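K.L.:
Can you read through this structure? Questions will come right after.
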Amino acid sequence: MASIKDVAAEAGVSVATVSRVLNDHPSVSAEARARVLAAVETLGYRPNAVARSLRTAQTHTLGLVISDVMNPYFTELARSVEEEARALGYSVIIGNADERPDLQDHHVRNLLDRRIDGLLVSPTDGGSPLMLDAVRAGTPMVFVDRWIPGVDVPVVRADGQGAVRDLVAHLHGLGHRRLAIIAGPAATTTGRERVEAFREALGAYGLELPDAYIGQGDFQADSGRRVTEGFLDLPEPPEVVFAADNLMALGALDAVRARGLRVPDDLALAAFDDIRWFVHTDPPITAIAQPTGELGRAAVRALVDRIEGRPGESVTLPARLVVRRSCGEPPASAEPSPATNRSQS
């Protein structure tokens, strides 16, 4: 493998001149720069990134800690983050927290030890001391999808409140009055926010959300199955289950089928976080879709702004309702509601 000394000898310049060319220093003449670049091409020289990072205090590497790599939402998010980072000249190291605060902190600690330039995190809990210390120490950081309240870090997220209102309007138009929710962990901002948005949307129609219709899940399919079984055992089961996460919705669908029941004939089903699988379920599942790819790209841009000394702003993008058949068909004589016109598949 060629060294920087080999490049200098091939180009007929000093090692210092080669270094200045590779670091895009303006003091090198056009003629010398051309010779160095030609020598780099001829010899196939690749600069030592570790050595360069020690000189520049930058590694051009970002850390991404996601909550659950098995969740298709976070898989798509990670892909968009990697694509945008690569376009901006950065690589990405990904850590999967698996919805565990201790594993989240393990990844954060390892990434900081690797001298990453900045950190993207979707927090699994409401306040990691390790992350708070990193923020106070000046580590460039951006929260994506979830956040820690009160921490001065840009947040890139989707606002699902309007889409939840559209969902409840759609369900109300179909004649449903007993609506239940499978909530995510109360320690996460998204877990709390989606329950409150659902409650407020129901209130606009004079409907309540009784405690018996709030099931505590953990963003995993097993919890969706368990909570739905509990709903079905109630003296007066709900007519609709709204799962605040895609995996919990799939678990709910399994629970309905295990009882020999059908969606939507016996229980209607809707979900937060649309995924491609939902068009292949029987029936296809009505869902709230987040602009996942754009969230990932916006998060990277905000983080690179912070790394390069610019403010780095929070970004909030709208989610949208995608109406499918899992909540029932509107009566033939009914006028379509504004919600059902937003997006259908």
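K.L.:
Under the condition of being assigned to a loop (DSSP other than H, G, I, E, B) and under 20 Å from Asn110 (Cα atoms), which residue from segment 136-156 is modelled with the lowest pLDDT? Lay out the reasoning, then the answer.
P.N.:
At the first step, the residues of segment 136-156 found to be assigned to a loop (DSSP other than H, G, I, E, B) are 137-140, 145-154.
Keeping just the survivors that are under 20 Å from Asn110 (Cα atoms) gives 137-140.
Numbers: Ala137: 86, Gly138: 89, Thr139: 91, Pro140: 95.
Per the stated criteria, the residue is Ala137.
K.L.:
To continue, here is another question. Run Glu308 past the list (1) acidic (Asp, Glu); (2) over 17 Å from the mean Cα position of the chain (by Cα); (3) farther than 30 Å from Ala87 by Cα and report the number of the one that doesn't hold.
P.N.:
All conditions pass for Glu308, except number (3).
K.L.:
Six or more apart or on different chains, Cβ under 7 Å: which pairs go from a residue in segment 237-258 that's assigned by TED's automatic domain parsing to the domain that holds Val227 and crowded, with 24+ Cβ neighbours inside 10 Å to one that's of a type in the set (S, T, N, Q) and assigned to a strand (DSSP E or B)? Could you list them?
P.N.:
Note: no pairs meet the criteria.
K.L.:
What's the total number of residues in segment 59-80 that are under 24 Å from Gly251 (Cα atoms), touching a Lys or Arg at 6+ places or on another chain (Cβ under 8 Å) and assigned to a helix (DSSP H, G or I)?
P.N.:
From segment 59-80, those under 24 Å from Gly251 (Cα atoms) are 66-78; that's our starting set.
Subsequent filtering for residues that are touching a Lys or Arg at 6+ places or on another chain (Cβ under 8 Å) retains 67, 72.
Applying the additional criterion that residues be assigned to a helix (DSSP H, G or I) yields 72.
Count: 1.
K.L.:
Might you check whether a residue that is within 19 Å of Asn71 (Cα to Cα) and in a loop (DSSP other than H, G, I, E, B) occurs anywhere in segment 228-244? Don't jump to the end; show me each part of the working.
P.N.:
Restricting attention to segment 228-244, the residues satisfying the condition of being within 19 Å of Asn71 (Cα to Cα) are 242-244.
Next, from what is left, pick out any that are in a loop (DSSP other than H, G, I, E, B): 244.
Yes - at least one qualifying residue is present in segment 228-244.
K.L.:
Here is a follow-up. I need every pair where a residue in segment 7-22 that is touching a residue at least 12 places away in the same chain (Cβ under 8 Å) has its Cβ under 7 Å from the Cβ of a residue that is crowded, with 16+ Cβ neighbours inside 10 Å and assigned to a loop (DSSP other than H, G, I, E, B), sequence separation at least 6 or different chains.
P.N.:
Val7/Tyr45; Thr17/Val28; Val21/Val28
K.L.:
Could you run through segment 270-291 and say how many residues are crowded, with 24+ Cβ neighbours inside 10 Å and assigned to a strand (DSSP E or B)?
P.N.:
Counting residues in segment 270-291 that are crowded, with 24+ Cβ neighbours inside 10 Å and assigned to a strand (DSSP E or B) gives 6.
K.L.:
Kindly check whether there is at least one residue in segment 134-146 that is more than 17 Å from the chain's Cα centre (by Cα) and either closer than 18 Å to Ser326 by Cα or acidic (Asp, Glu) (or both). Even if it seems obvious, please write down each step before you answer.
P.N.:
From segment 134-146, those more than 17 Å from the chain's Cα centre (by Cα) are 134-140; that's our starting set.
Filter again for either closer than 18 Å to Ser326 by Cα or acidic (Asp, Glu) (or both), leaving none.
No - not one qualifying residue is present in segment 134-146.
K.L.:
Consider Glu294 carefully, then state whether it is in a loop (DSSP other than H, G, I, E, B) and either at pLDDT 95 or above or touching a Cys at 6+ places or on another chain (Cβ under 8 Å) (or both).
P.N.:
Working: in a loop (DSSP other than H, G, I, E, B): no; either at pLDDT 95 or above or touching a Cys at 6+ places or on another chain (Cβ under 8 Å) (or both): yes.
For Glu294, the condition - in a loop (DSSP other than H, G, I, E, B) and either at pLDDT 95 or above or touching a Cys at 6+ places or on another chain (Cβ under 8 Å) (or both) - is not met.
K.L.:
Within segment 1-24, which residues are closer than 11 Å to Ala39 by Cβ and part of a loop (DSSP other than H, G, I, E, B)?
P.N.:
Across segment 1-24, the qualifying residues are Ala2, Gly12, Val13.
K.L.:
Only residues that are out of contact with any strand residue (DSSP E or B) (no Cβ under 9 Å at 6 or more places or on another chain) and within 22 Å of Pro311 (Cα to Cα): list them for segment 89-118, please.
P.N.:
Gly89
K.L.:
Sticking with this one: Would you be able to say whether some residue in segment 180-191 is in a loop (DSSP other than H, G, I, E, B), modelled with pLDDT of 95 or more and surrounded by 18 or more Cβ atoms within 10 Å (Cβ to Cβ)? Give the steps one after another, and end with the answer.
P.N.:
Initial filter on segment 180-191 (in a loop (DSSP other than H, G, I, E, B)): 184-188.
Pick out the ones that are also modelled with pLDDT of 95 or more and you get none.
No.
K.L.:
Which ones in segment 294-328 are out of contact with any Asp or Glu (no Cβ under 8 Å at 6 or more places or on another chain), without any contact (Cβ under 8 Å) to a residue 60 or more places away in the chain and among the charged types (D, E, K, R)?
P.N.:
Glu308, Arg310, Arg324
The values are calculated or read from the model by the stated rules, or taken from the named source; none is laboratory data. All of these numbers come straight from a predicted model, not from anything done at the bench. Backbone-built Cβ (ideal geometry, glycine too); neighbour counts: all protein chains shown.
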